[in-house]
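What follows is a short report on a single structure.
The values are calculated or read from the model by the stated rules, or taken from the named source; none is laboratory data. Everything quoted here is computed from the prediction, not taken from an experiment. Note that we place each Cβ from the backbone using ideal geometry, even for glycine, and neighbour counts take in every protein chain shown. Protein only, heavy atoms only, side chains kept; ligands, DNA and RNA dropped before computing areas. Shrake-Rupley method; radii C 1.70, N 1.55, O 1.52, S 1.80 Å.
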Amino acid sequence: MKTLNDFNFENKKALIRVDFNVPLNENFEVTDATRIVSAKPTIIKILEDGGSCILMSHLGRPKGFQDEFSLKHIASKVEDILGVEVKTVADCIGADVEAVAASLEPGQILLLENLRFYKEETAGDVGFAEKLSKLGDIYVNDAFGTAHRAHASTTIVAQFFEGKKCFGSLLAQEIDSIKKVMETGEKPVLAILGGAKVSSKITIIENILDKVDHLIIGGGMAFTFVKAQGGNIGNSICEDDKMPLALDILKQAKAKNVQIHIPVDTIAADDFSNDANTQILDINEIPDGWEGVDAGPKSRAQFHNVVMASKTILWNGPLGVFEMESFAGGTIELGNSIAEATKNGAFSLVGGGDSVAAVKQFGFEEKVSYVSTGGGAMLESLEGKTLPGIAAILE
Ligand SMILES: Nc1ncnc2c1ncn2[C@@H]1O[C@H](COP(=O)(O)OP(=O)(O)O)[C@@H](O)[C@H]1O
Ligand SMILES: O=C(OP(=O)(O)O)[C@H](O)COP(=O)(O)O
C-alpha cells in the first residue's frame, strides 16, 4: 500500500483527487468544511517536500457547466484553511489548464474546476482521465468520500500513473480505521447499527456478524426485529417483508456467537412531531396509535453497559429520531457512553451519513477516535466491498 511517505515530491506536480463536495448555503458559503480540513495534511506534506499541488474535485451533481456548482465558490475557504494562495481555472482539462499546471512553481496550489461539469467524469471515460493525467507527475487519491465511485478522476486516471500513484493521508487513515474495526480491533468488538431501515443495512449486518462480538440494533430498524419475534409495535416503522430476514439474522448471530442487543423499552409518541405526547413503553407492548421514536431508559442503561465493556466500537445510525429535540436523548446518551469508553482507551469509529451529522450536532466529534468523511463510501466499506478508488491505487 503506497502512501505519501513513499515519494519525495520535490519539484514534482501532485495531481490530487480530493473530496471537496461540501455543503454550501444560499450565499455559496461553506457550512461544513470538515472535508477541506481533512485534506490539509496531504497538501501541506507535498508543499513541504517542495512540490506543487493540483487539486481536483467534484461539487454536487451538476448537469453540464452550472455556475452554482462551480468550485470557485469554495476557493477562498480552501485558501483560509490551507493558509496558502489557491489559484483557480475555469476548466479542469484542456490546453489552458495544462499551461497553468505546467507553470506551477514548488509550493503553489491550483484548484481545478468541477470535474462533473463533464459527463465523462462519472462515466469513467478513459480519454477524459488521460487528459487529467497530463496535469501531474504523481497521482494522489485522498478522496475517501468518493472512493466508492469508479469515476475518471477517482479510479480510471490511476492507470496512467504506473508506479507513481499513492494514497493521501486522509484516505490512508480512513482505510486504517475500518481495518481496526473489521480486522485488527481489540476484543470485545461492538457494532451499533441504528437508523430507519433494516433494508439499507442488511449487507452490513451480514458482513459484520463475522467480525464482532456484540451487535446493538437500535433506531427504527429495531422494530422489524421486535415484530418478527411476536411483539406489538403499534405504529412504529417496520418493514414487514424483512421480518423473515430479521429472524434469520438472529439465528445466524446465535450460530456465530454474536450477542445481539435490541431495545427493551422505547419512548413512544402519539404523533411524529416534536411536541407529541410521549410515554415510556415496553418495546413489545406498544398500542395502536403510538410509535417508538427513541430508546427508552432501560435500553439506554443496557447499551451503556455494553459500550463500556467494549474495546472497539463502530457506530452507524442514530437510536431515535434525533432531528427532533424531544427524541434525541437516546442518541445523545449513546454518544456520551462512546465518548466515555473512548476516554477509557477504546477505539471508536463513527461513520455513515446521519450518525456523523448527529455526532457533529451534539459535539462528540473530538470525543470519539475517528469520524469518517465518507457516507456512502463508509457504508460500502462496512458491507465488505473493495472500493474502486482504493483498488486502483493497489493495482
Ligand atoms: N424509531 C425511529 N422511527 C423513525 N425514524 C427513525 C427512528 N430512529 C431513527 N430514525 C431515523 O433514521 C434516520 C437515519 O437512518 P439511516 O439513513 O439509516 O442512518 P445513517 O444515515 O446513519 O446510515 C434518521 O433520519 C432518524 O430520524
Ligand atoms: O458526498 C458524497 O457522498 P456521501 O453523501 O455518501 O458522503 C461524495 O462526495 C460522493 O458524492 P456522490 O454521491 O454524488 O457520488
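Between the Cα long axis of helix 72-82 and the first principal axis of the chain there is an angle of about 90°, rounded to the nearest 10. Taking all protein chains as they are arranged and a probe of 1.4 Å, the heavy atoms of Lys311 leave approximately 80 Å² accessible to solvent. For region 36-116, the list of trypsin sites (Lys or Arg not before Pro) that fall in a loop by DSSP and count at most 15 other C-beta atoms within 10 angstrom reads Lys63. Taking all protein chains into account, the per residue accessible area for the chain stands at 42 Å² (1.4 Å probe).
Converting phi to 3J(HN,Hα) with the Karplus coefficients 6.51, -1.76 and 1.60 and the offset θ = phi - 60°, region 275-287 yields 9, 5, 6, 10, 8, 8, 10, 4, 4, 8, 10, 9, x Hz in sequence order, with x at every glycine or proline.
The stretch between Asp248 and Gln361, if pulled fully straight at 0.36 nm per residue, gains 37.2 nm over its current Cα-Cα span. If the segment from Glu85 to Phe65 were pulled out straight at 0.36 nm per residue, it would be longer than the present Cα-Cα gap by 4.7 nm.
With the alpha-carbon atoms of region 240-395 aligned to their principal axes, the span from lowest to highest coordinate is 56, 37, 29 Å, starting with the largest. Computed log10 I(q)/I(0) for region 87-221 at 0.21 Å⁻¹: -1.23, from the Debye equation with unit scatterers placed on every C-alpha and solvent omitted. Using the Cβ-Cβ distance between Asn232 and Lys134 with R0 set to 56 Å, the FRET efficiency from 1/(1 + (r/R0)^6) comes to roughly 0.30. Separation of the alpha carbons by more than 20 angstrom is noted, of Lys179/Lys360; Lys45/Lys164; Lys179/Lys385, for Lys179/Lys360. Relative contact order of the chain: 16 percent, from C-alpha pairs under 8 Å at least 6 residues apart in sequence. Near the amide H of Thr88, within less than 5 Å, lie the amide hydrogens of Leu111, all on another chain or at least 5 residues away, with H placed in the peptide plane.
For the chain, find the longest principal axis of its Cα atoms and tell me its angle to the long axis of helix 329-343, 0 to 90°, nearest 10. On a 0 to 90 degree scale, this one is about 60.
Look at the alpha carbon pairs under 8 Å that are at least 6 residues apart: their mean separation over the length of region 86-216 gives a relative contact order of 18 percent. If you count the DSSP beta bridges with both ends in the chain, what percent of them are antiparallel, to the nearest 5? About 20 percent, rounded to the nearest 5.
Based on the reciprocal of the average 1/r between different C-alpha atoms, the Kirkwood radius for the chain equals 22.3 Å. Binning the C-alpha pair distances of region 29-83 at 10 Å intervals from 0 yields a P(r) profile of 20, 50, 25, 5 %, listed from the shortest bin outward. Heavy-atom surface analysis with a 1.4 Å probe gives region 244-319 a carbon and sulfur content of 50 percent of its accessible area.
Within region 216-307, the proportion of Cα pairs with more than 23 Å between them is 23 percent. Centre-to-centre, using Cα atoms only, region 67-122 and region 252-273 are separated by 48 Å. Taking all Cα-Cα distances within region 273-331, those exceeding 13 Å account for 66%. Projected label points at Ala102 and Asp271, each 7 Å from Cα along the beta carbon direction, are separated by 6.8 nanometres.
Based on Cα contacts under 8 Å between residues 6+ apart, region 247-395 shows a relative contact order of 17 percent. Whole angstrom only: what separates the Cα centroid of region 316-395 from the Cα centroid of region 135-187? Cα centroid to Cα centroid, the span is 20 Å. Its alpha carbons considered, region 1-64 gives a radius of gyration followed by a Dmax of 14.2, 42 Å. The ellipsoid that matches the Cα gyration tensor of region 57-113 has semi-axes, each √(5λ) in whole angstrom, of 20, 16, 7, with the longest given first.
Using the Stokes-Einstein relation with a Kirkwood hydrodynamic radius computed over Cα pairs, the translational diffusion coefficient of region 165-237 at 10 °C and a viscosity of 1.306 mPa s comes to 111 µm²/s.
Taking the chain as a Gaussian network of alpha-carbon nodes connected by springs under 10 Å, the highest mean-square fluctuation of the residues Gly50, Gly163, Gly230 belongs to Gly230. With a simple spin-label model that places each label point 7 Å from the Cα along the Cα-to-Cβ direction, the separation between Ala309 and Glu183 comes to 2.9 nm. Over the Cα atoms of region 59-155, each weighted equally, I'd like the Debye log10 I(q)/I(0) at q = 0.23 Å⁻¹, rounded to two decimals. Those come out to -1.50, one per q. The three principal axes of the C-alpha atoms in region 300-346 carry coordinate ranges of 32, 19, 14 Å, sorted with the longest axis first. So what does log10 I(q)/I(0) come out to for region 139-292 at q = 0.09 Å⁻¹, using the Debye formula with one equal point on every Cα and no solvent? With no solvent term, the Cα-only Debye profile gives -0.44.
Under a Gaussian network description of the chain, with springs only between Cα atoms under 10 Å, the residue in Glu29, Glu130, Glu380 that fluctuates furthest is Glu29.
Taking a ≥ b ≥ c as the square roots of the eigenvalues of the Cα gyration tensor, region 127-201 is oblate, since a/c reaches 1.5 or more and a/b is not larger than b/c.
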